[in-house]
């Protein structure tokens, strides 16, 4: 069996989250013993100097015995971020009005 076919035959369930240049894949897979585990893959699209696209991928394998601890740590970490910085994204890249605000600020400086 080729590698591609083997990788996809053990996929049971998949969810995809597109987030800008990043895409997250949550894949439930099956072990040879018939148990399930989760892989979380981050795929980030990059462009070379000549404009060719490539994808940088990072993968986490998460097994059932670690689900509870992972869930608790994830919740603690995200709760900490939200309680300390709120839900608004603090980034020029993610600020929909950044160009407008930059223009407005420059206009006020000219006055």
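The values are calculated or read from the model by the stated rules, or taken from the named source; none is laboratory data. A quick note: this is a predicted structure, and the numbers were derived from the prediction, not measured. When we count neighbours, we look across all protein chains shown, and the Cβ atoms used for this are built from the backbone with ideal geometry, even at glycine.
Looking only at the range 78-111, which residues are at pLDDT 95 or above and either within 30 Å of residue 30 (Cα to Cα) or touching a helix residue (DSSP H, G or I) at 6+ places or on another chain (Cβ under 6 Å) (or both)?
Result: 78, single match.
Would you confirm whether or not the range 2-22 contains a residue that is farther than 27 Å from residue 89 by Cα, modelled with pLDDT under 90, touching a strand residue (DSSP E or B) at 6+ places or on another chain (Cβ under 8 Å) and loosely packed, with under 10 Cβ neighbours inside 10 Å?
For the range 2-22, residues farther than 27 Å from residue 89 by Cα, modelled with pLDDT under 90, touching a strand residue (DSSP E or B) at 6+ places or on another chain (Cβ under 8 Å) and loosely packed, with under 10 Cβ neighbours inside 10 Å: absent.
Would you confirm, using the coordinates I've provided, whether residue 75 is modelled with pLDDT of 95 or more, surrounded by fewer than 10 Cβ atoms within 10 Å (Cβ to Cβ) and part of a helix (DSSP H, G or I)? Don't jump to the end; show me each part of the working.
Values: modelled with pLDDT of 95 or more: yes; surrounded by fewer than 10 Cβ atoms within 10 Å (Cβ to Cβ): no; part of a helix (DSSP H, G or I): yes.
No: the conditions fail for residue 75.
Given the structure, is residue 54 assigned to a loop (DSSP other than H, G, I, E, B), at pLDDT below 95 and within 22 Å of residue 23 (Cα to Cα)?
Working: assigned to a loop (DSSP other than H, G, I, E, B): no; at pLDDT below 95: yes; within 22 Å of residue 23 (Cα to Cα): yes.
So residue 54 does not fit the description; no.
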